[in-house]
1. Tell me, which helices (runs of 4 or more DSSP H) lie completely within segment 149-229 with 1 or more residues that are surrounded by fewer than 21 Cβ atoms within 10 Å (Cβ to Cβ)?
2. With respect to V269, is the statement that it is free of Cβ contacts under 8 Å to residues at least 40 places away in the same chain, assigned to a helix (DSSP H, G or I), crowded, with 21+ Cβ neighbours inside 10 Å and in contact with a strand residue (DSSP E or B) (Cβ under 7 Å, 6 or more places away or on another chain) true?
3. Would you call G257 in contact (Cβ under 8 Å) with a residue 12 or more places away in the chain, surrounded by fewer than 17 Cβ atoms within 10 Å (Cβ to Cβ) and either in the same structural domain as S135 (by TED's automatic domain parsing) or within 16 Å of the ligand (Cβ to nearest atom) (or both)?
4. Identify all residues within segment 170-215 that are modelled with pLDDT of 95 or more, of a type in the set (G, A, S) and within 11 Å of the ligand (Cβ to nearest atom); write none if there are none.
5. Could you identify the single residue in G160, G153, G139 that is near the ligand (Cβ under 10 Å from one of its atoms) and closer than 29 Å to G125 by Cα?
6. I'd like to check something: does segment 117-134 contain any residue that is within 14 Å of the ligand (Cβ to nearest atom), touching a residue at least 40 places away in the same chain (Cβ under 8 Å) and part of a helix (DSSP H, G or I)?
7. Tell me which of these A47 doesn't satisfy, since it passes every other one: (1) buried (at least 18 other Cβ atoms within 10 Å of the Cβ); (2) more than 18 Å from the chain's Cα centre (by Cα); (3) in a loop (DSSP other than H, G, I, E, B).
Amino acid sequence: MPLYYAVDIGGTKVEVAIGNERGELLDKKRVPTPNLGHDDAVLDGVADLLRSLARPGDVAGIGIACPGPLDAAQGRVLNPSNLPGWHQLPISEGLSKRLGGLPCYLENDATAAGMGEWRWGAGAGTRNMVYITVSTGIGAGIIAENQVVRGVGDNAGELGHVVVDPAGRPCHCGNRGCLETKASGTAIGREGERRRGESPRLSATEGPVTSVDVFRAYEAGDPVAAEVVEGAAHWLAWAFGTLTNLFNPERIVVGGGVSENGETLLAPVREKMVPYAMGDLLASVQLVEAKLGGDVGVLGALAVAVDRAGRVPG
Ligand SMILES: [Zn+2]
């Protein structure tokens, strides 16, 4: 069975792994994200990390999951806001050249994570599913009729930057009032911080209030935290209801840090979806928590490699 390298690039860490088409990871490592602003140094670092993995067989390709926007066809990172030292990095060509010409496939991180959940996680067995990550940002990976939806520039699924309030808060993408300014972990923490004075529980927080603090206070019955969570849940329900009407998915799989609150988050979202989706479509969609946990990044990148290397002749 061929093996594949998986590379998951994030704003704070780069994680690499080696695995097979059954989603088994044989070795993995992580390092803080190098932000050197020097292409060769970044590429040399990632290539060395891959070479350092235990390699019990031949490697057939490399899958890379990276925050967008990307030019996946050219294998180039464009200008993700949280990766300042990686802008315009020709990552596919650079890694391929350093690793004996191995084919290299770049994918948006939310799409990759969706592919991992579809192949080996909470979306397994479906033909139509949407994966949504709710973390510091919000992103989506869409599977329609057993096909990954990538769009013309491979940047489909930018759910977090769907504008819900054009007069709202400026977003780092350049627009205003994007969904992620309302319902991401960052937004939930920021709203909790704004309202901390109204809540003895939130005001007792050391340092700025985070989404973790808000959920903890909510579970303890804090009414201000409840309003913050319900406010975010409302916008997620709007988004999931809209996706339900657009794609008629069998499952919506929710991952990312905020989803670790499980039913505490999903139960109010499910309830609030009712006015935002058509009855028959809503009745056929399950809203579930992701299954791959902390390995979703590398398993997503592995799924990209398995999917693309298995399909491209030669
Ligand atoms: Zn935005």
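1. By residue number, 185-194, 200-203, 211-219.
2. Values: free of Cβ contacts under 8 Å to residues at least 40 places away in the same chain: yes; assigned to a helix (DSSP H, G or I): yes; crowded, with 21+ Cβ neighbours inside 10 Å: yes; in contact with a strand residue (DSSP E or B) (Cβ under 7 Å, 6 or more places away or on another chain): yes.
Judged against the criteria, V269 is a match.
3. yes
4. G177, S184
5. The unique qualifying residue is G160.
6. For segment 117-134, residues within 14 Å of the ligand (Cβ to nearest atom), touching a residue at least 40 places away in the same chain (Cβ under 8 Å) and part of a helix (DSSP H, G or I): absent.
7. (3)
Residues are listed down the side, and each one gets a yes or a no for (1) basic (K, R); (2) over 17 Å from the mean Cα position of the chain (by Cα):
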site: K28; (1), (2): yes, yes
site: G57; (1), (2): no, yes
site: P69; (1), (2): no, no
site: G75; (1), (2): no, yes
site: L89; (1), (2): no, yes
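The values are calculated or read from the model by the stated rules, or taken from the named source; none is laboratory data. Just so you know, these numbers come straight off a predicted model, no measurement behind them. As a convention, Cβ positions derive from the backbone with ideal geometry for all residues, glycine included, and neighbour counts pool all protein chains shown.
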